[in-house]
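Shown next, in structure tokens, is the structure this report addresses.
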């Protein structure tokens, strides 16, 4: 099995087929096809189901996805270590962030990191669900995850970045008192919430009920990013991360709430698999002035 075959396999997955992979890699489509067939023969499994002109990962292909990504990451890390020992830090810093965390403190850190290490490319991707944090790292999708704490895997090392405060958000024109709003003073407007289970929404809902209020739900929304558009469309109010509420402008009315609902957030990673670029990022978070090379 050649590293090139793994690279082509991953490119086919990431670019939705042989044509997209060939274009991204700068090679001819038959080259990619031959590499895939050779890899399948060597492994003795079918990695894709060919359906018409489309390709869908088989069970064996899904099983290879994580180890293949990690293999490429390990090879890249070796190259980065060699480069770091002889000159300026280079490589790629890969971070997957839960959308409400991809602002504020994280952006400040990335900006500072780039000033210190202009030779490193930062790839910031979306962490679609906080329950996917450990799998995102295990499968080689990213070196770091940024999410609410605690993370879903106690084996990950964690650097705390701060805390997220949750604010009330209502459709524009909703009458709210100035300043922080007591839970007992919530307007009689239905709410837009995410489903129960393992999120700060459980704590918020419990707090509302403890305040003696009956919770009138307008929408239970599994897509967290849809809460603000639903509120702005007049479907109801919600409690949402302060960073998102403040970014919504005049499309909503946002206020702090009493009692405060806060939850810490931070960066999770595998310390035994840090690249030089990743170690420099950890050092930066910790306030280190090191040059980013590992010990």
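Points worth noting:
- The set of residues in the stretch 38-51 being surrounded by 15 or more Cβ atoms within 10 Å (Cβ to Cβ) and not in a helix (DSSP H, G or I) consists of 47, 48.
- Test result for residue 9, outside the structural domain of residue 138 (by TED's automatic domain parsing), within 25 Å of residue 136 (Cβ to Cβ), touching a strand residue (DSSP E or B) at 6+ places or on another chain (Cβ under 7 Å) and touching a residue at least 24 places away in the same chain (Cβ under 8 Å): no
- Flag for residue 35 being touching a helix residue (DSSP H, G or I) at 6+ places or on another chain (Cβ under 7 Å) and surrounded by 13 or more Cβ atoms within 10 Å (Cβ to Cβ): yes
- On inspection, residue 37 fails the criterion of being modelled with pLDDT under 85 and out of contact with any strand residue (DSSP E or B) (no Cβ under 7 Å at 6 or more places or on another chain).
- Across the stretch 1-27, the qualifying residues are those that are out of contact with any helix residue (DSSP H, G or I) (no Cβ under 6 Å at 6 or more places or on another chain) and in a loop (DSSP other than H, G, I, E, B), and the one among them that is surrounded by the fewest Cβ atoms within 10 Å (Cβ to Cβ) is 26.
- Qualifying residue in the stretch 263-283 (condition: within 20 Å of residue 202 (Cα to Cα) and either modelled with pLDDT under 85 or in contact with a helix residue (DSSP H, G or I) (Cβ under 7 Å, 6 or more places away or on another chain) (or both)): yes
The values are calculated or read from the model by the stated rules, or taken from the named source; none is laboratory data. The shown structure was predicted, so the numbers you read here are calculated from the model rather than taken from an experiment. We place every Cβ from the backbone using ideal geometry, glycine too, and count neighbours over all the protein chains shown.
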